[in-house]
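Shown next, in structure tokens, is the structure this report addresses.
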Protein chains: 2
Amino acid sequence: MMYPGPVLRLMEELTKLPGVGPKTAQRLAFHLLKQETESIQQFAQALLAAKDRIRHCSICQNLTEDDPCRLCVSSERDQDIICVVEEPKDVVALERSSEYRGLYHVLHGAWSPMDGVGLETLRVKELLGRIKAGGVKEVIVATNADVEGEATAMYLARLLKPLGVAVTRLAHGLPMGSELDYAADDTIARALQGRHEI
Amino acid sequence: MMYPGPVLRLMEELTKLPGVGPKTAQRLAFHLLKQETESIQQFAQALLAAKDRIRHCSICQNLTEDDPCRLCVSSERDQDIICVVEEPKDVVALERSSEYRGLYHVLHGAWSPMDGVGLETLRVKELLGRIKAGGVKEVIVATNADVEGEATAMYLARLLKPLGVAVTRLAHGLPMGSELDYAADDTIARALQGRHEI
């Protein structure tokens, strides 16, 4: 005996989620079946509403309900500096630091030919458009400190510098509160390269 | 800046799933937002359909689309033996072994006062009704081999034996293909207690 059709189909859908195998799908399906009908309807509605109402901001490409997004239309943000990130979650991380008051640009990925992510799939054209429109003095490339992020940063630097904007990169070094002993070799190397007088 | 409302609500719903924390919910939400609208609609429909069309069989309490379920109405199953399990997935596990040809009864849990699962929340009354209706010779108690499963088995044995049915328990011992050296102490103890002549 197998599970009834609708249970199997639910498990099948759950298995499509990243990191969810057949066992987890089974556990999630039984959990969901035990919930009230109202909870399940709320979940389904949240799924549909997110997909239906969320789009990419036509300026910064971040996720938004309103286009342009709140950040792009805010008068409190510095208009002459753009911070380029890989994903929307990176915008949230940077905002959490309360250190940055400029604009953003979300690439939606990093250059990764091995994973089939070519430069043409990233939102680079839109970034170029913003810079060519004028008024931007600096582009901070805040892509991740991994191979893909570094390659993307190098590419962007080569592309943007001829346009007369300063292209900067976030500093790499020891995380605050960390112990030297536990730091990875390449982190220490970067921290040494970036050392500064105190 | 936080995420747009619909994204936050989706993350909130995902966080309600067992084993899903804020970071996983964020990852799942972004994965879902990247899917085609059609895929999301399929997912939402699978959720609603499972909740809407799946009920408990009025006889064995297993999950089913049709009531009574296929197993309960099958003429190929022995009608005089009932195997009692904790969850629907246990029925699937037992069916996989192709060893059992009787009926089932799903308790939907095991006696666990610590987790707020009292005996009254289990489908024991329905099991009693089936046995009192007559025709049942043996009840195999196939609850898990943990504290809750054992306690449930003891309780059921005390309840059912006076009704004149044989109450049996699955054998406990060394799993097939296992090495003695790696077996847990209580498994070895059970295997010794259950030893038989060869």
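Data table
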| quantity | calculated |
| --- | --- |
| Expected 222 nm ellipticity per residue - DSSP helices of 4 or more, -39500 (n - 2.57), all of chain B, to 500 | -13000 deg cm²/dmol |
| Debye equation applied to the C-alpha atoms of the stretch B:1-106, log10 I(q)/I(0) at 0.16, 0.20 Å⁻¹ | -0.82, -0.99 |
| Three principal axis lengths of the stretch A:74-197 [C-alpha, angstrom, descending] | 47, 38, 27 |
| Where GluC sites (Glu not before Pro) fall in DSSP loop in the stretch B:24-124, at most 11 other Cβ within 10 Å | B:36, B:76, B:99 |
| For the protein assembly as shown, share of DSSP beta bridges that run antiparallel, in % to the nearest 5 | 20 percent |
| Kirkwood Rh, angstrom, the stretch B:78-131 [1 / mean 1/r, Cα pairs] | 12.0 Å |
| In the stretch A:139-198, GluC sites (Glu not before Pro) in a DSSP loop with at most 11 other beta-carbon atoms within 10 Å | A:179, A:197 |
| Qualifying lysines (Cα of each under 30 Å from Cα of residue A:34; at least 8 residues distant if same chain) | A:16, A:23, A:51, B:16, B:23, B:34, B:51, B:89, B:125, B:132 |
| Residue B:93 versus residue B:138: modelled label distance in nm, points set 7 Å from Cα along the beta carbon direction | 2.0 nm |
| Candidates A:70, A:123, A:55, ranked by Gaussian network fluctuation over chain A, Cα under 10 Å, top entry | A:70 |
| Quarter of Cα convex hull surface for the stretch A:5-53, i.e. mean projection, nm² | 3.7 nm² |
| Förster radius 45 Å - calculated FRET efficiency between residue B:114 and residue B:74 (Cβ-Cβ, nearest 0.05) | 0.75 |
| Cα-centred dipole magnitude for the stretch B:74-197, charges only on beta-carbon of K, R (+1) and D, E (-1), debye, nearest 20 | 660 debye |
| Normalised contact order of the stretch B:30-92, rounded percent, pairs of Cα under 8 Å and 6 or more residues apart | 17 percent |
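Throughout, read-outs are computed from the coordinates displayed, never taken from laboratory work. The model shown is predicted, which means the values in this text are computed figures rather than measured ones. As a convention, Cβ positions derive from the backbone with ideal geometry for all residues, glycine included, and neighbour counts pool all protein chains shown.
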